[in-house]
1. For G66, state whether it is without any contact (Cβ under 8 Å) to a residue 24 or more places away in the chain and either on the phi > 0 side of the Ramachandran plot or assigned by TED's automatic domain parsing to the domain that holds F173 (or both).
2. Can you name the strands (runs of 3 or more DSSP E) wholly within region 148-266 that have at least 1 residues being acidic (D, E)?
3. Taking region 17-68, which residues are in a helix (DSSP H, G or I) and among the charged types (D, E, K, R)?
4. Return only the number of the condition from (1) modelled with pLDDT under 95; (2) closer than 24 Å to K296 by Cα that G82 does not satisfy.
5. Looking at I189, I154, I177, I214, which one is under 19 Å from the mean Cα position of the chain (by Cα), surrounded by fewer than 24 Cβ atoms within 10 Å (Cβ to Cβ) and assigned by TED's automatic domain parsing to the domain that holds F244?
6. Look through L101, L109, L133, L70 and report the one residue that is surrounded by fewer than 21 Cβ atoms within 10 Å (Cβ to Cβ) and not small (G, A, S).
7. Which residue is nearest to the chain's Cα centre (by Cα), if the candidates are limited to region 17-29 and must be surrounded by fewer than 16 Cβ atoms within 10 Å (Cβ to Cβ) and not small (G, A, S)?
8. Among (1) more than 22 Å from K12 (Cα to Cα); (2) touching a helix residue (DSSP H, G or I) at 6+ places or on another chain (Cβ under 9 Å), there is one condition S200 misses while meeting the rest; what is its number?
Amino acid sequence: MRHFLTLADFNKKEILDILKIAKSLKENTKKGVFSTEMQNKTLAMIFEKNSTRTRVSFEVGIKQLGGNALFLSNNDTQLSRGEPIMDTARVISSMVDMIMLRTFEHSRLEEFAKYSKVPVINGLSDSYHPMQLLADYLTMQECNKDKNPIVCYIGDGNNMAHSWLMLASKLGFELRIASPKNYEVDSNILAKAQEFAQDSGAKLILTNDPKEAIKDCDVINTDTWISMGQENEKEKRIKDFKGFCIDESLMQHAKQDSIFLHCLPAYRGYEVSTEVIEGSNSRVFLEAENRLHAQKGVIIWLHQNN
C-alpha cells in the first residue's frame, strides 16, 4: 500500500509525476474541465489540528475529481476519547476510499497508515508538511524557478524546514536554512536528507545568519515562529527570533527577481513584513491556490498506484 506521509518515501520521478498530474488538472480546471476519476469515491478528512487551507483545498479537490468529502473534527471521532489509533484506522478505512489525517506526532500517522486498508495522506504532522511543499514547488515551476534554484528557508526548524530538506535532497537543488540557535532542524531528519543528497547532488547549508542564507537566492520561504501548541512560548520566541523577520531590507540580499513564499497563516510584523507579503516578489496567494491542485495530483497518483 502506497501512502503519502513524507517526501522521503518518494523518488524524484514519482514527485515530478505527481506534479505533472497536478499541473494538468489545474489547466483543465481553469478550462472548466473536471476529472471523474474519483467518481463515487469518498475521502475522509480527519482533523486533530484545525486548518483553513487544508480543509477547503481537500474538500473542494475531491469534489472536483468527482468524489465526496467526509469532514471529521477532533470532536467527531473516538480518537479524542482514547480509542486506539489502530481501531479507528481499521474501522474508517473499511468504509472510505482514502483518508487524510492532520495531526500532531508523526508517529500517529505512521500507526494509522499501518492499520489502514486504504491510502493515507499527511495533511500535516509535527515533523512534516509534504502537501505544502508540492504546492510550493508547483508555484516555483509556474514562476520558472525550478531550474537549478537556490532556495532559502528562514525561521523555525519545524515541519516546513524538514519538508524543504526532503524536497531539496530528493530533487537535487541547493537549500539554505537559517534558524536561531536552539531552533535548528531535527538532527535525525537532517541526517536522512544528507543521505538522500549524496545521490541527488543536493547542496544543504545550515546557518544561524539569515543574511548568509538569503544572499542571491531565487526563492525565499518562511513560516510562523509560533505554531499551534506553542502559544505559551510566544514572548520568548519573538525575542529569540529577532533579526529573522523577512522585510524589505533583508530581501535586498536576494536576487531582484526572486519570489517569496509562505505556507500561511502569516503573522505580519513577525516572520514577514506586510511590505514583503504584499510586494511584487510575493507569490503566497498563488502558492495557497496551488494546494488545491497539488493535492488533487496526490489523490489521483495514489488512486492509480494502489
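The values are calculated or read from the model by the stated rules, or taken from the named source; none is laboratory data. For clarity, every value in this text was computed on a predicted model and none was experimentally measured. Note: ideal-geometry Cβ built from the backbone for every residue, glycine included; neighbour counts use all protein chains shown.
1. Working: without any contact (Cβ under 8 Å) to a residue 24 or more places away in the chain: no; either on the phi > 0 side of the Ramachandran plot or assigned by TED's automatic domain parsing to the domain that holds F173 (or both): yes.
It is false that G66 is without any contact (Cβ under 8 Å) to a residue 24 or more places away in the chain and either on the phi > 0 side of the Ramachandran plot or assigned by TED's automatic domain parsing to the domain that holds F173 (or both).
2. On the way: elements: 150-154, 174-178, 203-207, 219-222, 259-262.
Output list reads 174-178.
3. Passing the criteria: D17, K20, K23, K26, E27, K30, R53, R55, E59, K63.
4. That leaves (2) as the condition not met.
5. Working: I154 fails: surrounded by fewer than 24 Cβ atoms within 10 Å (Cβ to Cβ); I177 fails: surrounded by fewer than 24 Cβ atoms within 10 Å (Cβ to Cβ); I214 fails: under 19 Å from the mean Cα position of the chain (by Cα).
Answer to the check: I189.
6. The conditions single out L70.
7. Initially, region 17-29 is screened for residues surrounded by fewer than 16 Cβ atoms within 10 Å (Cβ to Cβ), giving 20, 24, 27-28.
Applying the additional criterion that residues be not small (G, A, S) yields 20, 27-28.
Numbers: K20: 17, E27: 21, N28: 23 Å.
Per the criteria, the residue is K20.
8. (1)
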